[in-house]
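So the structure is just underneath, and the comments pick up after that.
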Amino acid sequence: MKRTHGWISGILLSAFLVANAPAQIIYSFETEDLHGFANSAGDGWQVFRAQIGVTHGDYSMGVQWPSGSGGFRWLFGNGARDELLPYLQISKKLLMDATVPAGVSVPWANMAVSLNGPSPYGWNQAVGAVGLPRQQGTRTILIDLESLPLPDPNVDWFQINFGLNAGGAHEIYFDSLRLYRPACEMMAFTFDNDLQGFNIGTNQVGITLSWVDGKMRAQSTGGFKWLFNGGEDGSVPNLAAMVRRGYLVVMDVTVVSAPPAGWGNMIMSINSPAGWGQSDYTAEIASGPNTFTRTIALDYRGVALPGDDNPEYCLLNLGINSGGPMTIDIDNIRIYRLPVEGDVNCDGCVDDADLLSVLFDFGSTAITASDVNNDGVVDDADLLMVLFNFGSGC
Ligand SMILES: [Ca+2]
Ligand SMILES: [Ca+2]
Ligand SMILES: [Ca+2]
């Protein structure tokens, strides 16, 4: 009774902005050349500085597909090594905000990502696509480049390239390409001993779940299937508290057996007394004939969340879809914390630990979360931001 309210969609969406927040931002798209990406325009494609979907600074990067058509195009970065490589040496998982304006929607949209440098580094493309938002709203996407090597630190040039693809004329605004921060994770499901309540429900066919080596294995015959959370004893402790403080569900997904049609994707829902909160964002999980492991994220902003930290129940359900039989392993489902301004260590509370961090790094020009306002130096401006927000989120 408490578990499945079925296919409820029609979620109310609004294009909302994320507050500027501690994050080590690589590209903010503030200048006309958009870190080189603007030069990728042409053949009806438009890449331009915009003021829609701005999540850091004053501008974003707008991309419009050719009028009336979908399709694929690479956007190439500027090759300025020092604006990119030092960041990837800290983390090869990146986040970026992607906003679709009102009145625009497409059946599907995704992005390929490559790193590119002079020979012998060459062109290194990450396996698998990243889902892009298909309808109105701001969603944060996770780009996992862990599988790619980095070039020699003294390489002449080095760039990141985005291959955009959509099943119709699309329009997206990007901002705040930034480092993913493990410090912001709240662990929800580790599958250390069992499936932690995940099941396939009573009426669903064509899907089996099993516990394999500390992971949840889902074997689907294809098409859309729910992996329900819950069972007899509700949900994992503190899940409601976590989802109320986060905005992304993050997990490690291994494609054990790829679907013959070459595609597989995932949506999610949070089910609580607030209702069946189904996300509109679709994460790509399988791509081509490849077997691989990577981290994906599902942005759940806009879904109904429990009104307090201790509701009668709070369940996290995953909906997988594939073109034919597919086997995947899922592990380490965690919730990524919503930014709290001034929260340097990303524990959700602005307190002495954050203050000490800024004081300790004072004067530093390194890439550090102590640079709260992301201007490249830790100084009194950052200290003031922590002081102004002291106690926030605690
Ligand atoms: Ca910006
Ligand atoms: Ca803190
Ligand atoms: Ca600063």
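The values are calculated or read from the model by the stated rules, or taken from the named source; none is laboratory data. Everything numeric here is computed off the predicted structure, so don't read it as measured data. Neighbour counts are summed over all protein chains in view; Cβ atoms, including those assigned to glycine, are modelled from backbone coordinates with ideal geometry. Keep in mind that these areas ignore ligands, DNA and RNA; they rest on the heavy atoms of the full protein, side chains included. Shrake-Rupley method; radii C 1.70, N 1.55, O 1.52, S 1.80 Å.
Brief remarks follow.
- Here, P(r) means the percent of Cα pairs in each 20 Å bin from 0 to the largest distance; for the chain it is 27, 59, 14, 0.
- Kirkwood-Stokes translational diffusion coefficient of segment 288-336, alpha-carbon pairs, 10 °C, 1.306 mPa s, µm²/s: 111 µm²/s
- Kirkwood Rh (inverse of mean 1/r, distinct Cα pairs), segment 20-113, angstrom: 14.7 Å
- The residues of the chain expose, per residue, 40 Å² of accessible area to a 1.4 Å probe.
- Cβ-based net charge around residue 38, under 13 Å, with every Lys or Arg adding one and every Asp or Glu removing one: -2
- Less than 5 angstrom separates the built amide H of residue 75 from those of 162, 163, 164, all sequence-distant by 5 or more or on a different chain.
- Mean residue ellipticity, 222 nm, helices only, the chain: the sum of -39500 (n - 2.57) across DSSP H runs of n ≥ 4, divided by residue count and rounded to 500, is -2000 deg cm²/dmol.
- Overall dimensions of segment 254-300 as given by Cα atoms, namely Rg and Dmax in Å: 13.1, 40
- Derived scalar couplings ³J(HN,Hα) [segment 326-337; Karplus, 6.51 cos²θ - 1.76 cosθ + 1.60; whole Hz; x for Gly, Pro]: 8, 10, 10, 10, 10, 8, 6, 7, 10, 9, 8, 5
- Per-residue HN-Hα couplings for segment 60-76 [Karplus 6.51, -1.76, 1.60; θ = phi - 60°; Hz; x = Gly/Pro]: 10, 9, x, 10, 10, 5, x, 3, x, 9, x, x, 10, 7, 7, 10, 9
- For segment 256-347, the relative contact order works out to 39 percent when only alpha carbon pairs closer than 8 Å and six or more residues apart are counted.
- Considering all C-alpha pairs of segment 25-180, those separated by over 29 Å amount to 12%.
- Alpha-carbon centroid distance for the pair segment 347-394 / segment 59-105, whole angstrom: 28 Å
- With a 1.4 Å probe rolled over the protein heavy atoms of all chains, the accessible area of 82, 175, 194 falls in the order 82, 194, 175, largest first.
- Using a Förster distance of 22 Å, the FRET efficiency for residue 290-residue 74 (Cβ separation, nearest 0.05): 0.65
- Among residues other than residue 72 with Cβ under 15 Å from its Cβ, the summed charge is -1 (Lys and Arg +1, Asp and Glu -1).
- The calculated FRET efficiency for the pair residue 349 and residue 187, based on their C-beta separation and a Förster distance of 25 Å, comes to about 0.90.
- Positive minus negative residues near residue 54 (Lys, Arg vs Asp, Glu; Cβ under 10 Å): -4
- Placing unit charges on the Cβ atoms of the charged side chains and taking the dipole of the chain about its Cα centre, the candidate lying farthest along the positive direction among 324, 356, 68 is 324.
- Cβ screening of the chain for cysteine pairs under 4.7 Å finds these without a partner: 314.
- Protection proxy ranking, highest mean first, for peptides 321-334, 379-392, 132-145: 132-145, 321-334, 379-392, where packing is the per-residue count of other beta-carbon atoms within 10 Å, averaged.
- Pairs of Lys residues in the chain are counted when their Cα atoms are under 25 angstrom apart and they lie 8 or more places apart or on different chains; the count is 4.
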